[in-house]
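Encoded as structure tokens, the structure appears first; notes follow it.
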Amino acid sequence: MRDNTLKYLLVLPAVVVVFATAIWPLIEAARLSFTVGRLNRPGSLDQYIGWENYTWAFFEEPAFWNSVYVTALYTFLTVGLTTLLALGLAMLLAPGGKLRSAAQTLLILPFAMSPALIGVSFRFMFNPEFGLFDAFFGAVFPPLADVSWLANPNLAFAVVVMADVWGWIPFLTLVLIGGLASVPRDTVEAAQVDGASGWRVFRDVTLPQLGPVLAVVIILKSIFSLKTFDQVFMLTNGGPGTATQTLSHYIYFNGMKYGQIGYSASVAWLMVIPMIFLTYAYAKFVFRKG
Amino acid sequence: MAEIKLKNLTKRWGDFVGVDDQSLDIADKEFLVLLGPSGCGKTTTMRMIAGLEEPTGGEIWIGDRMVNDDLPKDRDVAMVFQNYGLYPHMTIFENIAYPLRVRGVDKADIPERVQKAAEQVELTQFLDRKPKALSGGQRQRVALARAIVRTPKVFLMDEPLSNLDAKLRVTMRAELKHLSRELQITTVYVTHDQIEAMTLADRVAIMKHGVIQQLGTPDDIYNDPANLFVAGFIGSPAMNLINGSVQDGMFVTTGGTRLVKVNTPDRAAAILGVRADDMQVHEQGQGDIDVTIYAFENTGESTLLTVQWGKQRVIARGDRHLRKDQGDVVGISLNSDHLYLFDPETENRIGM
């Protein structure tokens, strides 16, 4: 067999798997998004209605826009908070930083936990009767005792953000520690000798050289924040009301709970659009040359 | 403008001693070279002066101020790094301007001062490029310009020429010397290259295992080495060291050859040091001793004769027109004004 033929044959299994698990569902979802697509109505999966699902989402469904808003705010907050905190931690944990190894090992723990588990444990911790936060905040600041965190729309949202930030800090910290290690030490030392204060060394020398890694971190976290589902599902199930209903949860709700597969496929495809941009940006940073 | 005083300076990492209780006074405007093989503590000493490394013990004084607890930025030093330490995301102009900016120099004065520093190192046409677009020699100049753009109390240079190719190193060495004489600022210069040390220094401190072996002018260390280490480290080719003893005022090699008269009391063991340049090569029978040539090398400016001397090999420098071949026998005589005797036990010079 010629090498040329062989090489295609060897990648074929991988191509088949990717096609079956990623490409085909995307295509099928695109098709479904143009149908009536009710799980409880036989034949509706082949009943085409043009762009009606999309126009419905855009013009007739405030819950869709609510989910867009929740997802956007959620993404903005989690990306911002996680990146800032991870950067701070990385500075402390990097070689020459003030904390080291043991802390670094412990740090990976939250990341080893599944998001669903994080959701469940946070739900228990915020339980108004026997939760850790109730006891802790209640002791430190009595007015917060017996607050039903997850029953209040704003507080529930804060809890979801907190759980996500907690779960993601370790991984991003490790990535940023790697990034910091690649900043040449003598540029930092040169700046110190040149007369820069600690903050200016960071701002003028470390941060600019960390730029590409930081960009990857932000893009990656944005992708994951946009599609958050399991934590929300376990922690609040989108509630109270729709206060924490992210797009992923909204899609699940419409598709699986109400059986509106066609409609949820169209929303899912609307979510693909920002993802494509982010993935493109990510690939550009990760695979860039030189 | 300031002198530097190191008092009982020590640096340890666990059991490893980097710098061992060293004291050193560097005069105002002096160019002092710290010379030694890698791991001898010379760079550590310099980094402690810069404030990049914290001493385990001892004091560092710059001018009349003890700077042990000062941050690098408060010590008023400028440093040139071995890998230059240029800021890759800034233009050359911004690199040179950075020390001025962070020290709050009036913005209106910056372009003029950067221009002047760039002129001193002949960099003016590269100011809007990034470091990546420059050659090694040019980057080296940027690092220099960044150091001289303000007038610090002290210059610190950490092997600044070691990343350049041999030819460029010679050019830059001369430029560095010219610049240092022009600027008249106290300078500490770290290198493992003895030629750099010899050519640039007012005084050289030779270090080994964290201890200064000898401190002196280039003349001192070349002509009056204090011990075997200094004798072997300075000079190219390295000083010949011949094992033997002193009997009846004569140095006798271990092979039994009565070689040369020395003014030293008799002793059972001694090492005779003699530089290649201090041996004269004659025709057979006309020198103090006849030896067989092991290898003959013509370097262009002179010839090097490696000769078999009993069980030892010794290098002598001959005239550049001399032509001999392997196996030929020549006569060698020693210049008795330039012989050094060392104690094999202590490795110190005898009679110093």
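Being among the acidic types (D, E), within 21 Å of A:P110 (Cα to Cα) and modelled with pLDDT of 90 or more, is that true of even one residue in region A:183-199?
no
Return the residue satisfying two criteria in turn: it lies in region B:85-94 and is more than 8 Å from chain A (Cβ to nearest Cβ) and in contact with a Lys or Arg (Cβ under 7 Å, 6 or more places away or on another chain), and of such residues it is surrounded by the fewest Cβ atoms within 10 Å (Cβ to Cβ).
Only one residue fits best here, namely B:T91.
Any chance region B:48-57 includes a residue that's among the charged types (D, E, K, R) and open to solvent by 20 Å² or more (accessible area, probe 1.4 Å)?
yes
Take the residues in region A:187-213 that are charged (D, E, K, R) and surrounded by fewer than 19 Cβ atoms within 10 Å (Cβ to Cβ), then tell me which one is nearest to the other protein chains (Cβ to nearest Cβ).
The selected residue is A:R200.
Could you list all residues from region B:95-109 that are free of Cβ contacts under 8 Å to residues at least 40 places away in the same chain and either surrounded by 17 or more Cβ atoms within 10 Å (Cβ to Cβ) or within 12 Å of B:L144 (Cα to Cα) (or both)?
Of everything in region B:95-109, just one residue is free of Cβ contacts under 8 Å to residues at least 40 places away in the same chain and either surrounded by 17 or more Cβ atoms within 10 Å (Cβ to Cβ) or within 12 Å of B:L144 (Cα to Cα) (or both), namely B:V102.
Of the residues that make up region B:120-138, is at least one touching a strand residue (DSSP E or B) at 6+ places or on another chain (Cβ under 7 Å) and either open to solvent by less than 20 Å² (accessible area, probe 1.4 Å) or away from chain A (no Cβ under 14 Å) (or both)?
no
Might you check whether a residue that is open to solvent by less than 10 Å² (accessible area, probe 1.4 Å), closer than 30 Å to B:D328 by Cα and in contact (Cβ under 8 Å) with a residue 24 or more places away in the chain occurs anywhere in region B:216-232?
yes
Among (1) open to solvent by less than 10 Å² (accessible area, probe 1.4 Å); (2) part of a loop (DSSP other than H, G, I, E, B); (3) within 14 Å of chain A (Cβ to nearest Cβ), where does B:S162 come up short?
Of the numbered conditions (1) open to solvent by less than 10 Å² (accessible area, probe 1.4 Å); (2) part of a loop (DSSP other than H, G, I, E, B); (3) within 14 Å of chain A (Cβ to nearest Cβ), the odd one out for B:S162 is (1).
Determine which single condition A:V216 fails, assuming it passes every other condition in (1) touching a Phe, Trp or Tyr at 6+ places or on another chain (Cβ under 6 Å); (2) more than 10 Å from chain B (Cβ to nearest Cβ); (3) closer than 11 Å to B:V102 by Cβ.
(3)
Could you say which residue among A:V147, A:V175, A:V201 is β-branched (V, I, T), in a loop (DSSP other than H, G, I, E, B) and over 19 Å from A:Q245 (Cα atoms)?
A:V147
Give just the number: which of (1) closer than 23 Å to B:T10 by Cα; (2) β-branched (V, I, T); (3) touching a Lys or Arg at 6+ places or on another chain (Cβ under 9 Å) does B:T199 not satisfy?
Unmet for B:T199, out of (1) closer than 23 Å to B:T10 by Cα; (2) β-branched (V, I, T); (3) touching a Lys or Arg at 6+ places or on another chain (Cβ under 9 Å): (1).
The values are calculated or read from the model by the stated rules, or taken from the named source; none is laboratory data. Here the structure is a predicted model, which means the values were calculated and not measured. As a convention, Cβ positions derive from the backbone with ideal geometry for all residues, glycine included, and neighbour counts pool all protein chains shown. For accessibility, only protein heavy atoms count, side chains too; no ligands or nucleic acids. Shrake-Rupley method; radii C 1.70, N 1.55, O 1.52, S 1.80 Å.
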